[in-house]
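Just below is one structure, and these are the notes that go with it.
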Amino acid sequence: MGFFEDIRKAVCRIPMGKVATYGDVARAAGHAGAARQVSWALRNADALGIPWQRVLGSGGRILLPGRAGLLQRRLLQEEGVRFIGGRADIAKHGHRFKQSARSDGSGRSVG
DNA sequence: CCCTTGACTTAGA
DNA sequence: GTCTAAGCCAAGG
């Protein structure tokens with residue numbers, strides 16, 4: 001398995017109308033701490049059919065510069081993601097990945 | 001192997 | 001809120 005494959009799989013797990021941070025994607029892909037590399041894998045995501053627009057920076061901030069950033073925001077808004085003060089409402093649209101490689105299973109939901 | 005780059009993240013002032 | 005510094009990891013020259 002390649003590095004990018006793990007990343008792309010994780011990104012594809014994000015459903016429409018939901019968003020996740022680079023760090024979350026990296027963690028869900030089994031590469032915690034590789035948040036920066038997530039963006040690397042997303043550079044060619046568009047050509048691979050990856051929902052790259054659902055990946056944001058910490059706090060729901062769009063880090064993509066230029067038109068790409070505007071495009072990302074527009075795409076998300078079309079998916080129903082609400083933006084507040086230039087940031088996506090991750091409290092409402094933040095996607096929570098299923099428990100992956102968690103020793104204590106702290107990531108599991110109870111109710 | 002060494003150094004630089006990058007759509008990152010957290011902590012401090 | 002804005003800026004700086006340090007930590008982080010993989011790809012490319």
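Coordinate-derived values only; no laboratory data. This structure is a prediction, so every number in the text was calculated from the model and none was measured. Here the Cβ is made from the backbone with ideal geometry for all residues, glycine too, and neighbour counts use every protein chain on show.
How far apart, in nanometres, would the label points at A:R61 and A:M1 be if each is projected 7 angstrom from Cα along the Cα-to-Cβ direction?
Once both label points are built, they end up 3.1 nm from each other.
To one decimal place, what orientation-averaged projected area in nm² is obtained for the convex hull of the Cα set of region A:48-101?
If you wrap the Cα atoms of region A:48-101 in a convex hull and average its projections, you get 4.8 nm².
Rounded to the nearest angstrom and ordered from largest down, what semi-axes does the equivalent ellipsoid of region A:3-96 get from its C-alpha gyration tensor (root of 5λ)? Walk me through the numbers on the way to the answer.
Working: eigenvalues 72, 39, 28 Å².
Working through the eigenvalues yields semi-axes of 19, 14, 12 Å.
Could you compute the net charge surrounding A:A91? Neighbours are other residues with a C-beta less than 13 Å from the C-beta of A:A91; K and R count +1, D and E count -1. List each step's numbers first, then the result.
Details: positive: A:K18, A:R82, A:R87, A:K92, A:R96; negative: A:D89.
Net of charged neighbours comes to +4.
Amide H to amide H under 5 Å from A:T21: which residues, 5+ apart in sequence or cross-chain, H placed 1.01 Å off N in plane?
A:L56
With the crude spin-label approximation of a point 7 Å out along Cα→Cβ, what separation in nm comes out for A:R36 versus A:C12?
Taking the simple label geometry, A:R36 and A:C12 are separated by 2.7 nm.
Could you give the dipole magnitude of chain A about its Cα centre, charging the beta-carbon of Lys and Arg +1 and that of Asp and Glu -1, in debye to the nearest 20?
With only Lys, Arg, Asp and Glu charged at Cβ, the dipole is about 180 debye.
So what's the back-of-envelope 222 nm ellipticity for chain A, counting only DSSP H runs of four-plus at -39500 (n - 2.57) apiece and dividing by all residues, rounded to 500?
Theoretical 222 nm ellipticity from helices: -11000 deg cm²/dmol.
For region A:45-56, in order, what is each residue's ³J(HN,Hα) by Karplus, 6.51 cos²θ - 1.76 cosθ + 1.60 with θ = phi - 60°, in whole Hz (x at glycine and Pro)?
4, 4, 7, 9, x, 8, x, 4, 5, 7, 9, 10
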